[in-house]
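Colleague: Before I ask anything, let me first share the structure, which is written out below as structure tokens.
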Amino acid sequence: MDAVTSKAKPSKGKIGNANIEAKREAYYARISKMDLAPLWKVLKDIIPAEPKTVCAPAIWHFKDVKASIHEAGGLITAEEAQRRVLVIENPNLRGKSRVTQSLYAGYQLIMPGEVAPPHRHSASAIRFILDGGGAYTQVDGEKTIMNSGDFVTTPHWTMHDHGNASKEPMIWLDVLDVPTVNFFETSFYEHFENEKQNTRREDQDSLARFGSGVLPDGTDTSLNRSPIINYPYAKMKPVLDRLVKAGDVDPRHGARVRYANPFNGGWVMPTMGANLAMLPKGFKGKEYRSTDSAIFVCQEGEGTTKVAGQTFEWGPKDLFIIPSWMKYSHQAKKDSVLFSISDRPAQELLGIWREQA
Ligand code: GTQ
């Protein structure tokens, strides 16, 4: 090493030295034994001029996966599995249990009469209800009945269990910030032996308490996530209808709302943020990109999304991924509602989120 440093005189250009490549290689081999490596070999890879995603744009058509999700119901019980879920894996990230670099997603199936027992973890979760209705999720003692298009939150370290008292199987989308929590190596998990937790509050309690324009006296509003555990589709859709009727339709996103924390107007969670948008029939969206890789789900309607030279054709309950910084545009053949979720809040908190209209 000394020989190299002593010859390395300050110079703007290249070091004129015979066999320099061979000398460098030998040097790299020597420093490698000390777990050291030359930055100049990797600088452009680790600090690219623009986001370089490893994620693939991809689409899962619900009609193609539904039968396979139901098949799991005959292979394992919710009790044995804890959570009977098919993990949605990005085709470029197989085996890593993630649909984008920062987010996990899965299809959860719960059969009539089943209970998925209570547990809690550092990772935050959301559900977006795809198929069936009437099952519940219980979060820290509040039981909420879930129906198609409902957006249900299970914030970090809240105890939660699921049960299906309805007569039909139910499928919903789970999205968790598991890859983010594991990136920081901060995962804790606790399982509760009780089959279910005690119910202290009934359906829509937190929405009524905290999402009606008033707050109960003494409410701690410093919470860094929303206190509301279900944003029912039946209450959200009329808001979209109002926006469309008033002409409040963004040329890229359509008539869009953000699921909000009523205490501060912020996102529902620090790591994940979600939107619901209505694209009126005939909508031809302008091209857009942003640094957050997003998961989209069609709640109703029919349309297409162009991304990176591909065209995804979507209908009810289809799910697609738009990776970071890829240009995309939506087109709607019918009045359509798109749900979307990404790690945008985390990027904003870190000051690194960008968009390009
Ligand atoms: O429902 O608590 O898809 O803990 C993965 C992990 C769902 C859940 C998942 C979980 C859950």
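The values are calculated or read from the model by the stated rules, or taken from the named source; none is laboratory data. Every value quoted in this text rests on a predicted model; they were computed, and no experiment measured them. Cβ: placed from backbone, ideal geometry, glycine included. Neighbour counts: every protein chain shown. The protein model used for the area step is the full one, side chains on, heavy atoms only, and it has no ligands, DNA or RNA in it. Shrake-Rupley method; radii C 1.70, N 1.55, O 1.52, S 1.80 Å.
Colleague: Suppose every K and R has +1 on its Cβ and every D and E has -1 on its Cβ; what is the size of the dipole of the range 132-242 about the Cα centre, in Debye to the nearest 20?
Modeller: Using Cβ point charges on Lys, Arg, Asp and Glu, the range 132-242 gives about 460 debye.
Colleague: In the range 51-203, with Lys and Arg counted as +1 and Asp and Glu as -1 at Cβ, which of these residues, Gly113, Ser124, Pro57, has the Cα nearest the positive end of the dipole, that is, farthest along it?
Modeller: Pro57
Colleague: Can you work out the FRET efficiency for the pair Arg258 and Met34, with r the C-beta to C-beta distance and R0 = 41 Å, to the nearest 0.05?
Modeller: So the FRET efficiency works out to roughly 0.25.
Colleague: Further question on the same structure: Can you list the HN-Hα couplings for the range 306-319, worked out from phi with the Karplus curve (6.51, -1.76, 1.60; θ = phi - 60°), rounded to whole Hz and with x for Gly and Pro?
Modeller: After applying 6.51 cos²θ - 1.76 cosθ + 1.60, I find 8, 8, 6, x, 10, 10, 8, 9, 10, x, x, 6, 6, 10 Hz.
Colleague: Heavy atoms only, probe 1.4 Å: what % of the accessible area of the chain goes to carbon and sulfur, would you let me know?
Modeller: 53
Colleague: I'd like the Karplus ³J(HN,Hα) series for the range 79-93: coefficients 6.51, -1.76, 1.60, θ = phi - 60°, whole numbers in Hz, and an x wherever there's a Gly or Pro.
Modeller: Computed from phi, the couplings for the range 79-93 are 5, 5, 6, 6, 9, 8, 9, 9, 6, 8, 9, 4, x, 8, 10 Hz.
Colleague: Using the Cα centre of the chain as the reference point, and only Cβ charges (+1 on K/R, -1 on D/E), how large is the resulting charge dipole? Debye, rounded to the nearest 20.
Modeller: About 1840 debye.
Colleague: Please report Rg over Rh for the chain, where both radii come from the alpha carbon positions and Rh follows the Kirkwood definition.
Modeller: 1.07
Colleague: Could you give the size of the charge dipole of the range 221-357 about its Cα centre, using +1 on the Cβ of each K and R and -1 on the Cβ of each D and E, expressed in debye and rounded to the nearest 20? Walk me through the intermediate numbers first.
Modeller: Numbers: 19 positive and 13 negative charges, 48 e Å.
That gives the range 221-357 a dipole magnitude of about 240 debye.
Colleague: So, in nm, how far is label Glu195 from label Lys281 when the simple model puts each one 7 Å beyond its Cα toward the Cβ?
Modeller: If labels sit at Glu195 and Lys281, their model points lie 4.9 nm apart.
Colleague: Sort 19-25, 72-78, 299-305, 53-59 by packing, meaning the average of other beta carbons within 10 Å per residue, with the highest value first.
Modeller: 299-305, 53-59, 72-78, 19-25
Colleague: Beyond 25 Å between alpha-carbons counts as too far, so tell me which of Lys237/Lys286; Lys96/Lys196; Lys284/Lys327; Lys63/Lys306; Lys306/Lys334; Lys284/Lys317 fall in that bin. Could you put the intermediate results ahead of the total?
Modeller: Numbers: Lys237/Lys286 23 Å; Lys96/Lys196 30 Å; Lys284/Lys327 14 Å; Lys63/Lys306 21 Å; Lys306/Lys334 17 Å; Lys284/Lys317 21 Å.
Beyond 25 Å: Lys96/Lys196.
Colleague: Using only Cα atoms, locate the centre of the range 98-129 and the centre of the range 18-82, then give the distance between them in Å, rounded to an integer.
Modeller: 24
Colleague: Continuing with this model, one more query. Determine the gain in length on full extension of the stretch Ala81-Thr186; use 0.36 nm per residue of separation and subtract their C-alpha separation, reporting nm with one decimal.
Modeller: 35.5 nm
Colleague: A further question follows. Report, ordered by chain and residue number, the lysines lying within cross-link reach of Lys12, taken as a straight Cα distance under 23 Å and ignoring same-chain residues fewer than 8 apart.
Modeller: Counting by Cα, and skipping residues close in sequence, Lys12 has these lysines nearby: Lys23, Lys41, Lys44.
Colleague: If the cut-off is 17 Å between C-alpha atoms, which aspartates and glutamates fall inside it for Lys33, apart from same-chain ones fewer than 8 positions away?
Modeller: Cα-Cα hits under 17 Å: Asp2, Glu25.
Colleague: Which percentage, to the nearest 5, of the DSSP beta bridges contained in the range 105-259 is antiparallel?
Modeller: 95
Colleague: In whole Å, how far is the Cα centre of the range 147-190 from that of the range 240-257?
Modeller: That distance is 29 Å.
Colleague: If each of Thr219 and His119 carries a label point 7 Å out from its Cα toward its Cβ, how far apart are those two points in nm?
Modeller: If labels sit at Thr219 and His119, their model points lie 3.2 nm apart.
Colleague: Per residue of the range 291-298, in order, report the coupling 6.51 cos²θ - 1.76 cosθ + 1.60 (Karplus, θ = phi - 60°) as ³J(HN,Hα) in whole Hz, putting x for Gly and Pro.
Modeller: Once θ is set to phi - 60°, the couplings for the range 291-298 become 7, 8, 6, 10, 9, 10, 10, 7 Hz.
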